[in-house]
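Everything on this sheet refers to the single structure shown next.
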Amino acid sequence: MRVLLQVHPDLSQEFLNDEVFPHLAHEDIGFEVLPHFLPASRDKLPEGEFVLVIGGDGTFLAGAMVAVQLGIPIIGVEMGHLGFLCQQPVEKLPEVLGCIRDERYETELRHILECTIVKDGVPARTHIAVNDVVVGKSEITQLAVVTVSIDGEVLANFKADGIIVASATGSTAYSLSAGGPLLEPTMESMVITPICAHTLYAKPYVVDGARTIGLRVEKETPDTFLSMDGRKIGQLVPGDTVSVTLHKPPLKVARLALPRFFSVLREKFGWGFEFKRENG
């Protein structure tokens, strides 16, 4: 068994030497520590049977890029606080490693995003994102003007701070902050969420995963950028179209018995707690 370790960049070498590497050795698991961000243009990917993330959701996103390209499972050990992707506490690392070694886990298929920039009608480079694709403005005082289409048919023209296209997994990230709905993470769907649109009628829209979503930058738009999973990819010019579909194959996320998605929602959002007003 050989795992690829994606660790948060702020974790010290001392912590890894004392709290991580000995457990790997005890379970007789070989490993390689990945760089924090592995460029998609790298010719040769590392070899491994599993991606183990130690950090928060941002670290998980970096590891997921390797896992989906290799077609191997990924699991996250949480060092943060609000994350939804890394769900196992660091205290359970020995148990997690034992489950990895003995293959005692379930595999969830997460349908992530594939994005292609089309310039002058010609598809350019294709990118992959776990959570979201965002076409947004760079100027604080001006709005982006983006035409949204589904399978080539225009849905709406928005003047807004930007447009988010999120996967079901990404529905708990930027899209949620912008007023988008929560989806179960295994759903084969996408969400279109306008960001502060200058209209009373802009609502999030859930799209079937078989569709192709187009985001066309219109001519009156100021400097506009494409970002994916919080990383700026590049500038867009009027006439550019960002085409978003679900990536094939999906990301394989390993799950132990607990926690389940709904219990995570209760914990992270404080749902189901009774608040009482103090007397006096």
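Residues in the range 47-64: is at least one under 24 Å from HIS111 (Cα atoms) and of a type in the set (Ser, Thr, Tyr)?
Step one: list which residues in the range 47-64 are under 24 Å from HIS111 (Cα atoms), which gives 47-64.
Next cut, of a type in the set (Ser, Thr, Tyr) only: 59.
Yes, the range 47-64 has at least one match.
Out of THR186, THR241, THR141, report the one residue that is β-branched (Val, Ile, Thr), at pLDDT below 95 and either farther than 30 Å from THR59 by Cβ or not assigned by TED's automatic domain parsing to the domain that holds ILE117 (or both). Walk me through it before giving the result.
On the way: THR186 fails: either farther than 30 Å from THR59 by Cβ or not assigned by TED's automatic domain parsing to the domain that holds ILE117 (or both); THR241 fails: at pLDDT below 95.
Just one listed residue meets the conditions, THR141.
As an exercise: evaluate PHE84 against (1) assigned to a strand (DSSP E or B); (2) more than 20 Å from VAL20 (Cα to Cα); (3) touching a residue at least 12 places away in the same chain (Cβ under 8 Å) and give the number of the one condition it does not meet.
(1)
For the range 138-172, which positions are buried (at least 16 other Cβ atoms within 10 Å of the Cβ) and either among the hydroxyl-bearing types (Ser, Thr, Tyr) or touching an Asp or Glu at 6+ places or on another chain (Cβ under 6 Å) (or both)?
Applying the first criterion (buried (at least 16 other Cβ atoms within 10 Å of the Cβ)) to the range 138-172 yields 143-150, 156, 158-172.
Hits for the range 138-172 are VAL145, THR147, SER149, ILE164, ALA166, SER167, THR169, GLY170, SER171, THR172.
From THR221, THR193, grab the single residue that is closer than 22 Å to ASP240 by Cβ, at pLDDT 95 or above and either buried (at least 20 other Cβ atoms within 10 Å of the Cβ) or in contact with a strand residue (DSSP E or B) (Cβ under 9 Å, 6 or more places away or on another chain) (or both).
Numbers: THR221 fails: at pLDDT 95 or above.
Step by step, each of THR221, THR193 is checked, and only THR193 is closer than 22 Å to ASP240 by Cβ, at pLDDT 95 or above and either buried (at least 20 other Cβ atoms within 10 Å of the Cβ) or in contact with a strand residue (DSSP E or B) (Cβ under 9 Å, 6 or more places away or on another chain) (or both).
Within the group VAL3, VAL51, which residue is touching a residue at least 40 places away in the same chain (Cβ under 8 Å), closer than 23 Å to GLU114 by Cα, assigned to a strand (DSSP E or B) and in contact with a Gly (Cβ under 8 Å, 6 or more places away or on another chain)?
Only one candidate passes the filter, namely VAL51.
If I filter the range 233-251 down to residues being more than 21 Å from LYS159 (Cα to Cα) and in a strand (DSSP E or B), which single residue comes out as nearest to the chain's Cα centre (by Cα)?
So in the range 233-251, the residues more than 21 Å from LYS159 (Cα to Cα) come out as 233, 245-251.
Pick out the ones that are also in a strand (DSSP E or B) and you get 233, 245-246, 251.
Working: ILE233: 15, THR245: 14, LEU246: 13, LEU251: 11 Å.
Step by step, filter the range 233-251, then rank; the result is LEU251.
Can you spot a residue in the range 106-120 that is at positive phi and either assigned by TED's automatic domain parsing to the domain that holds THR169 or in a helix (DSSP H, G or I) (or both)?
From the range 106-120, those at positive phi are 120; that's our starting set.
Filter once more, so that each one left must be either assigned by TED's automatic domain parsing to the domain that holds THR169 or in a helix (DSSP H, G or I) (or both): 120.
Yes: the range 106-120 contains one or more residues that are at positive phi and either assigned by TED's automatic domain parsing to the domain that holds THR169 or in a helix (DSSP H, G or I) (or both).
Any idea which of ILE54, ILE128 is outside the structural domain of GLU188 (by TED's automatic domain parsing) and either in contact with a Lys or Arg (Cβ under 8 Å, 6 or more places away or on another chain) or of a type in the set (A, V, I, L, M, F, W, C) (or both)? Steps first, answer last, please.
On the way: ILE128 fails: outside the structural domain of GLU188 (by TED's automatic domain parsing).
That would be ILE54, the only listed residue that is outside the structural domain of GLU188 (by TED's automatic domain parsing) and either in contact with a Lys or Arg (Cβ under 8 Å, 6 or more places away or on another chain) or of a type in the set (A, V, I, L, M, F, W, C) (or both).
Could you list all residues from the range 177-206 that are outside any loop (DSSP other than H, G, I, E, B), of a type in the set (A, V, I, L, M, F, W, C) and closer than 20 Å to GLU114 by Cα? Working first, answer last.
Going through the range 177-206, the residues outside any loop (DSSP other than H, G, I, E, B) turn out to be 177, 189-195, 205-206.
Now restrict to residues that are of a type in the set (A, V, I, L, M, F, W, C): 190-192, 195, 206.
Matches in the range 177-206: MET190, VAL191, ILE192, VAL206.
The values are calculated or read from the model by the stated rules, or taken from the named source; none is laboratory data. The structure presented is a predicted model; accordingly, all values stated were derived computationally and were not measured. Neighbour counts run over all protein chains shown; Cβ positions are idealised from the backbone, glycine included.
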